[in-house]
Amino acid sequence: MDAAERLQQLIDENDNLVFFGGAGVSTESGIPDFRSVDGLYRQTYDYPPEEILSHSFFMRNPEYFYKFYQDKMLSLDAVPNAAHRKLAELEQAGKIRAVITQNIDGLHQMAGSRKVLELHGSVHRNYCMKCGEFYDAAYMKRAEGVPRCEKCGGMIKPDVVLYEESLDQKTLQEAVSAISRAQVLIVGGTSLVVYPAAGLLQYFQGRALVVINKGATSADQSADLVINEPIGQVLDRIAVR
């Protein structure tokens, strides 16, 4: 039995699967990841992207933050790829119980997934820091300079987890609960180097850990199945039944 057949078997025989994904899930939709050769971290700016995407930099230099954010983080023309679509189908078929994502692009929801736990927030939610008014991603994309609230003039902040900020505790607890109850945990499109998100794998106690990623990950040694291919290509071959 080859790897693809084994994955199909695991999906067929279990009905409590959880998917844990990272940037590699969205690269096939044209959204650059952070650490590959052409990823965000290899591109040249006046500051390292890690610094720009920190809470302290956002507060100190919001003009430059938004210049980078609008240019590189708001990929509003991107559409779901085969991975997003198949995960949504598997959820509708009663197989996938939760999608836990490190991505902030909203493509899982666009594909039809309903139970999506966004560890690092979403570009589609933005709030005035002064009065709490909500703004969508389109408003942020077309704003000139620092986006300001139309009601009170306060600065608007994306509901994304910046460096130096804590993950949302409710989302984190839901993710831990889903992983700890899962029969099969499928990890896809992530190198598992971003903590605390990557640390969630320690809560898995189920039957099989599956890792699907183009490169090696820290979970390969403990995984029951490792597939070194793009996640979209792998899931596209899975039959939903």
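The values are calculated or read from the model by the stated rules, or taken from the named source; none is laboratory data. In this text the structure is predicted, and so the values were computed from the model without any measurement. Every residue, glycine among them, receives a Cβ derived from its backbone with ideal geometry; neighbour counts consider all protein chains shown. Note: areas computed on protein heavy atoms with side chains; ligands, DNA, RNA excluded. Shrake-Rupley method; radii C 1.70, N 1.55, O 1.52, S 1.80 Å.
For the stretch 78-181, the spherically averaged projection of the C-alpha convex hull amounts to 7.8 nm². Axis of helix 169-181 versus longest Cα principal axis of the chain: the two differ by about 10°, to the nearest ten degrees. When both bridge partners sit in the chain, DSSP labels roughly 25% of those beta bridges antiparallel. The charge dipole of the chain, taken about its Cα centre with unit charges on the Cβ of Lys, Arg, Asp and Glu (plus for the first two, minus for the last two), comes to roughly 440 debye.
How many percent of the accessible area of the chain is carbon or sulfur, using a 1.4 Å probe?
Working: 5400 of 11520 Å².
In the chain, the share of accessible area belonging to carbon and sulfur is 47 percent.
A helix-only calculation puts the chain at -8500 deg cm²/dmol for mean residue ellipticity at 222 nm, using -39500 (n - 2.57) for each DSSP H run of at least four residues, averaged over all residues. Treating the chain as a set of equal point scatterers at the Cα positions, no solvent, please give the Debye-formula log₁₀ I(q)/I(0) at q = 0.08, 0.10, 0.17 Å⁻¹. Those come out to -0.31, -0.48, -1.26, one per q. Considering only ASN126, PHE20, VAL79, and ranking their Cα positions along the charge dipole of the chain that arises from unit charges at the beta-carbon of Lys, Arg, Asp and Glu, the one farthest toward the positive end is ASN126.
For the chain, the per residue solvent-accessible surface stands at 48 Å², with DNA, RNA and ligands left out and a 1.4 Å probe. Rg and Dmax over the alpha-carbon atoms of the stretch 1-132 stand at 17.4, 58 Å. Counting only Cβ charges, +1 for Lys and Arg and -1 for Asp and Glu, the dipole size of the stretch 1-139 around its Cα centre is about 320 debye. Largest first and in whole Å, the equivalent-ellipsoid semi-axes of the stretch 121-181 read 28, 11, 10, each the square root of five times a Cα gyration tensor eigenvalue. Helix 62-72 and the long axis of the chain differ in direction by around 40°, with both axes built from C-alpha atoms. Model label sites at ASP2 and SER166, defined 7 Å from Cα along the beta-carbon direction, differ in position by 4.8 nm.
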